[in-house]
Amino acid sequence: MRVLIVDDSSATRSYVRAALEGESDVDVTEAASGFEALRVLPRERFDLMLVDINMPNINGLELISFIRQSETHRGTPLLIISTEAAERDRARALSLGANAYLAKPFTADELAQAVRGLLDVTRGLTREKST
């Protein structure tokens, strides 16, 4: 599974990487900003993207909009991981196209559960389209 983690906090990226790699065979790409993610996205495909909201230059909400307009990445499951825990922040991210929202701080188990849930839904949709 190919995963893109976009977060300006190196500690968060390391924590998420460790949690994901502990679950299964995962190939992780990291981006320290929305701008860096925009440089990576045209060159690679991902099975899952985890995006922070509060980042310099291009924030996570702007990045979600770009991803959902991209032919290549439009259907990629997108999990927001953010310190913004207010319901309005969650609603805004979901309305822009995020599939799920996980407020920081979170445990490795909570992250794994959110990721499994997203991937199960995506796999189910893929099976439905192929039948």
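Any read-out appearing in this document is the output of simple, stated calculations on the displayed coordinates, not a laboratory observation. All values derive from a computational prediction rather than experimental measurement. So basically every Cβ, Gly included, is an ideal-geometry build from the backbone, and we count neighbours across all protein chains shown.
So which DSSP H runs in the chain come out at 20 Å plus along the axis (Cα) with average Kyte-Doolittle of at least -0.5? Walk me through the intermediate numbers first.
Working: long enough: 108-130 (33 Å, -0.39).
Qualifying helices, which must be both long enough and hydrophobic enough, are 108-130.
So if I restrict to the alpha-carbon atoms in the range 2-130, what is the Rg, and what is Dmax, the biggest pairwise distance, in Å?
Rg then Dmax for the range 2-130, in Å: 13.5, 40.
Which three extents, in angstrom, do the Cα atoms of the range 24-94 have along their principal axes, listed largest first?
So the extents along the principal axes, rounded to whole Å, are 33, 29, 22.
Given the DSSP H assignment, sum -39500 (n - 2.57) over each helix run of at least 4 residues in the chain and divide by its residue total; what's the result at 222 nm in deg cm²/dmol, nearest 500?
That calculation yields -15000 deg cm²/dmol at 222 nm.
Just going by the charge dipole of the chain, with Lys and Arg at +1 and Asp and Glu at -1 on Cβ, which of 53, 98, 29 is farthest out on the positive end?
98
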